[in-house]
Amino acid sequence: MNEAEGETRDGMDEMAGSPDTGNLVVVLDEPQNLVNIAGVIRAMKNMGLRSLRVVNPAEWDAWRITGIAHRSDDVVESARHFTSLQEALSDCVMVVGTSARPRAAQRNYGWAREWAPRLLDAARTGPAAILFGREDRGLSNEALDLCDGVAIIPTDPDYSSLNLAQACLILCYELFLSSGEGDPDELPRGKRWAGNATRDEMEQMFQALEGGLARIDFFNARSPEAVMRTFRTLLARAGPDRQEAGLVAAVGFEIQKYLARALQQ
Ligand code: SAH
């Protein structure tokens with residue numbers, strides 16, 4: 001890519017905003033087992049994908065599928081059926097096949113993780129497909145010829161073939177993460193999480209701790225500065241919330257109060 005192209009692309013990305021996962025399409029070539037189809041649909045729903053295309057499935061029974069993949073009627077009803085793979089892929093701006101094993105032919109192989117951002121990038125401009133093969137034979141060489149590349153999920157080489165729905169789940173998960181979902185900031189927090197301690201609260205905590213440690217002669221043979229720096233490093237790494245910082249501070253205060261009481265007696 002030359003510099004001018006690079007500039008245009010970056011500009012485009014900015015304009016395009018967040019990736020359009022609505023353009024990501026899962027394509028199943030001749031799936032043989034209805035339970036696997038349902039498993040694929042479940043994986044898609046889990047990871048926020050909605051567009052399924054199926055080419056000559058051995059069986060298709062919407063009622064049984066939704067019996068296995070609950071609340072997936074939207075994907076099942078909107079699934080598009082084709083009698084040839086060419087037709088199913090005709091409008092796709094990128095097609096990535098999937099395979100457990102490198103074949104004899106030279107192809108653009110890449111790990112599933114590497115393909116995810118490329119698929120998302122392509123999905124900004126049109127349908128981008130991930131293609132899965134049939135359970136017994138995988139994708140034919142002719143099917144792989146229709147692909148821009150082949151995504152491989154790394155596995156134990158002695159047992160590399162994943163179940164169709166499980167392979168689909170991993171690909172969809174990579175796409176989900178790559179699209180920016182699964183942000184660590186969105187991790188669930190306990191109801192009692194009090195928010196990060198402020199700088200002032202952290203300083204109060206260190207002061208209280210230092211005061212308490214001094215009262216029990218902890219610094220006798222140690223340098224208070226060095227010890228407190230170690231506590232600073234340790235507690236900063238722990239990232240205490242306000243309540244936790246308050247608890248550590250209370251240890252320091254209680255030591256001081258206890259000794260004051262004891263010495264009065
Ligand atoms: N016996 C077949 C296995 C097919 S498994 C074979 O040897 O090819 C059904 C489908 O799941 C495959 O066609 C592929 O789309 C997907 N799949 C299974 N294992 C995979 C892996 N390790 N990496 C990527 N896709 C995989």
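The values are calculated or read from the model by the stated rules, or taken from the named source; none is laboratory data. Please read these numbers as outputs of a predicted model, since none were measured by experiment. Don't worry about glycine lacking a Cβ; one is built from the backbone with ideal geometry, like all the others, and counts go over all protein chains shown. When the accessible area is computed, the model is the full protein with side chains, heavy atoms only, and any ligands, DNA or RNA have been set aside. Shrake-Rupley method; radii C 1.70, N 1.55, O 1.52, S 1.80 Å.
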- Message: All but one of (1) open to solvent by less than 90 Å² (accessible area, probe 1.4 Å); (2) of a type in the set (Phe, Trp, Tyr); (3) not in a loop (DSSP other than H, G, I, E, B) hold for residue 219; state the number of the condition that does not hold.
- Response: (3)
- Query: Of all residues in segment 193-213, how many are open to solvent by 50 Å² or more (accessible area, probe 1.4 Å) and out of contact with any strand residue (DSSP E or B) (no Cβ under 9 Å at 6 or more places or on another chain)?
  - Reply: 7
- Item | Spans of helices (runs of 4 or more DSSP H) in segment 20-103 with at least 1 residues open to solvent by less than 40 Å² (accessible area, probe 1.4 Å), under 25 Å from residue 182 (Cβ atoms) and in contact with a Phe, Trp or Tyr (Cβ under 9 Å, 6 or more places away or on another chain) | 34-46
- Which condition number in (1) over 22 Å from residue 121 (Cα atoms); (2) in contact with a Phe, Trp or Tyr (Cβ under 8 Å, 6 or more places away or on another chain) is the one that residue 149 fails? (1)
- Give me the pairs, please: first residue somewhere in segment 229-255 and assigned to a loop (DSSP other than H, G, I, E, B), second residue anywhere and crowded, with 18+ Cβ neighbours inside 10 Å, beta-carbon distance under 6 Å, and either six or more positions apart or on two chains. 240/197
